[in-house]
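The block underneath contains the structure these notes are about, expressed in structure tokens.
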Amino acid sequence: QVQLVESGGGLVQAGGSLRLSCATSGSIFSINNMGWYRQAPGKQRELVASITSGGSTNYADSVKGRFTISRDNAKNTVYLQMNSLEPEDTAVYYCNADYLLGVLGSLAEFDSWGQGTQVTVSS
């Protein structure tokens, strides 16, 4: 069974930085896209940043220039460096990955989420 485990959340003052990590475990054949999403109280979950297996990235307009997504394919881990944090960045941050697993001699695609990590930015 594949698990995604986030770490690195916490409480920080506005203008500060945090680095989130998401490690995957399990017998994964390969990971395609990985991404970070967030959900603030009373709001829908939204994409923060994503990265392909080749390293192409995509960011929400609200975080461009402040956040950087990266991945270590050897470790099946994705990171989110968050700088110049604002109170509006306060949310639960979730890691997502879509990947291939060997199933009965064939490869099948799956999608999984982490349990979430709280990021709180005080003003």
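From the residues in the stretch 87-123 that are touching a helix residue (DSSP H, G or I) at 6+ places or on another chain (Cβ under 7 Å) and of a type in the set (V, I, T), which one is surrounded by the most Cβ atoms within 10 Å (Cβ to Cβ)? Here the residue is V119. For the stretch 48-76, the tally of residues that are among the hydroxyl-bearing types (S, T, Y) and at pLDDT below 95 stands at 1.
Let's see how each residue does on (1) part of a strand (DSSP E or B); (2) not acidic (D, E):
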| residue | (1), (2) |
| --- | --- |
| G65 | no, yes |
| E88 | no, no |
| D98 | yes, no |
| G102 | yes, yes |
| A108 | yes, yes |
| T120 | yes, yes |
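Scan the stretch 51-67 for residues that are within 26 Å of S122 (Cβ to Cβ) and open to solvent by less than 70 Å² (accessible area, probe 1.4 Å) and jot them down. Y59, A60, S62, V63, R66, F67, listed by residue number.
For the stretch 1-43, the strands (runs of 3 or more DSSP E) that sit wholly inside it and include 1 or more residues that are more than 11 Å from the chain's Cα centre (by Cα), crowded, with 17+ Cβ neighbours inside 10 Å and at pLDDT 95 or above are 10-13, 18-25.
The sole residue among V78, V48 that is in contact with a helix residue (DSSP H, G or I) (Cβ under 9 Å, 6 or more places away or on another chain) and either open to solvent by less than 20 Å² (accessible area, probe 1.4 Å) or assigned to a strand (DSSP E or B) (or both) is V48.
The values are calculated or read from the model by the stated rules, or taken from the named source; none is laboratory data. Small disclaimer: the values here were computed from a predicted structure and weren't measured. Using ideal geometry, Cβ is built from the backbone for each residue, glycine included, and neighbour counts are taken over all protein chains shown. To get the accessible areas, we keep the full protein, side chains included, count just its heavy atoms, and leave off ligands, DNA and RNA. Shrake-Rupley method; radii C 1.70, N 1.55, O 1.52, S 1.80 Å.
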